Amino acid sequence: MFDNLTSKFASAFSSLRAKGRLKSGDIDSVAAEIRAALIESDVALDVVESFVTRITDRSLEKLEEVNKGINPSQAIFTIVNEELTAILGGNSRRIRMAKKAPTVIMLTGLQGAGKTSLAGKLALHLKKDGNTPLLVASDLQRPNAVTQLQTVGDSIKVPVFAPEPGNGVGDPVAVAKAGVKFAQEKFYNIVIVDTAGRLGVDRELMQEAIKIRDAVSPDEILFVVDAMVGQDAVRTAQAFQEGVGFDGVVLTKLDGDARGGAALSVLAKTGKPILFASTGEKVEDFDLFYPDRMASRILGMGDIQTLAEQAKRAMDTTTTSRLEEKFAKGEDFTLTDFLSQLEAMKNMGSMSKMLAMLPGAGAIKKQIENFDDNELVRTQAIVQSMTPAERNDPKLLNGSRRARIAKGSGRQVSEVNNLVDRFAGAQKMMKQMRAGAGGKGSPSIPGMPAGMGLPAPAGQKVTPKKKSKSGNPAKRAAEEA
Ligand code: GDP
């Protein structure tokens, strides 16, 4: 996701960082690099121009002040981060609930944009928040759209209102209307209406969407758009805005090699915010859209907040509090605890997606892509082959026990040794954290000791702690350079 943009931003800033004190020409050249990167990423031209003008103006205005600071390039980076966050929507917005239930959400967009999948993802998300959603099958055009929605509904245990078979049969407006009535009668508090799309924008599609809109008066009309289609996404968004109108945008297929154009242009071109992002085919591949987090990812700073939230969700509260209690009491973190963490990590979904949220992930893109999710399964098999006593006291693991474990889990003894060594290292680190500052300063991932849960990103530079500034101006200038 946005890989190209991230690497271009990284290269623009690395040349800026090499400069130390900045001149206006330096700002112009970084602006030119950013401009080229945005154009290449399919961002609408007028959006690029105003973005670049804003960062240039703000940077030049502050140039004198910036050069007085210890890190001029960082100050420019902050300006770009702020402007990128603003262009992506500034503050994130969420679904507005109707004063009187049910809240009606209507999904629109072209065929294949991912509406039906999104209906399921959104329903699951809302259900997890304590709502009782109902899915309504008003896409009666696309082959199998109704059965697809029913299958998704079954998998997430959300009821689907589907009185018509679809595949060209049935009146979508009547279905939408009856669906909302059904929700009122049965006290579902949210109705998600899946509507038909066409392969391109046409009058018939718009008319049908308008009729559904007028029949159910949605509280939110969400325009679902495939982020992979580049500039076309903006044109389609504008056509839908003029036709049926919408209140918010959902970007889908952000897991692909989306160049970023749609995400960066859609708000500026339609005035409507992005509410959600879909990042894969599974129902869990869904995120709330946070402009600041997305800007952070595009600028290569990762998205630790989302990662921590996902970990928290995956780890049930009992396990988390048990681990926290153990940690506070000074008890050892055991392989039994590690086993529950492995379970939680499996619940979090694809490891590659999680690793991609780490700061500097761009630099280890290849390793992330090659990460084998089965590694978790193999590690789990090894721990499961240990007796409870061994899990609680790995010191018991002598040669013959290790050989037995390797045999039992179908792995090599070297793999068992490797796991035990890594575990000992993690245990030691936990002890040091407890004894020291307790890992303050960086957001923690619940229940995950560093070095054990997530593999350390190879090749990632660890920035040494900043030394205090020298009192000698000449020496300080040399240090800063
Ligand atoms: P609809 O015609 O708008 O209802 O589109 P569907 O929901 O049927 O989605 C079209 C195709 O895109 C299906 O094969 C989905 O599995 C796939 N899809 C939907 N969302 C995503 C996503 O975020 N990432 C990826 N990779 N595929 C997606």
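Miscellaneous remarks
- Of 16, 34, 126, farthest towards positive along the dipole that unit charges on Lys, Arg, Asp, Glu beta carbons give the chain: 16
- Bridge type composition, the chain - antiparallel percent by DSSP, nearest 5: 15
- Rounded to 5, the percent of DSSP beta bridges in the stretch 109-231 classed as antiparallel: 10
- With θ taken as phi - 60° and the Karplus curve 6.51 cos²θ - 1.76 cosθ + 1.60 applied, the whole-hertz 3J(HN,Hα) list for the stretch 76-92 is 5, 4, 4, 4, 4, 4, 5, 5, 5, 4, 5, 5, 7, x, x, 7, 6 Hz, x standing for glycine and proline.
- Under 5 Å from the amide H of residue 195 lie the amide H atoms of 107, each residue being 5 or more positions distant or on a separate chain, with H modelled from the backbone and absent for Pro and chain starts.
- Under 30 Å from residue 19, Cα to Cα: lysines that are on another chain or at least 8 residues apart: 8, 62, 68, 365, 366, 461, 465, 466, 467, 469, 475
- Restricting the trypsin sites (Lys or Arg not before Pro) of the stretch 228-301 to loop positions (DSSP other than H, G, I, E, B) with no more than 15 neighbouring Cβ atoms within 10 Å leaves 282.
- Violating pairs (Cα-Cα greater than 24 angstrom) within the set 115/272; 99/253; 157/211: 99/253; 157/211
- If the chain linking residue 64 and residue 39 were pulled fully straight, counting 0.36 nm for each residue of separation and taking away their Cα-Cα distance, it would gain 6.0 nm.
- Each Cα pair under 8 Å and six or more residues apart adds its separation to the average, and for the stretch 305-436 the resulting relative contact order is 25 percent.
- Here the simple spin-label model places points 7 Å from the Cα toward Cβ, and for residue 331 and residue 4 these points are separated by 5.3 nm.
- Extension gain from residue 396 to residue 97, taking 0.36 nm per residue of separation minus the Cα-Cα distance: 102.0 nm
- Computed packing ranks the peptides 106-113, 347-354 as 106-113, 347-354, most packed first, by mean other Cβ atoms within 10 Å.
- For the peptides 128-140, 406-418, residues were scored by their other Cβ atoms within 10 Å and the scores averaged per peptide; the highest-first order is 128-140, 406-418.
- Across the stretch 339-380, the residues whose backbone nitrogen lies under 19 Å from the label position 7 Å along the beta-carbon direction of residue 18 are 363.
- Residue ranges 197-209, 27-39 sort as 27-39, 197-209 when ordered by packing (mean number of other C-beta atoms within 10 Å per residue, highest first).
None of the figures in this text is laboratory data; all of them are computed from the coordinates on show. This one's a predicted model, so the numbers in the text were calculated from it and none came from an experiment. Positions of Cβ are generated from backbone atoms using ideal geometry, with glycine treated the same way; all protein chains shown enter the neighbour counts.
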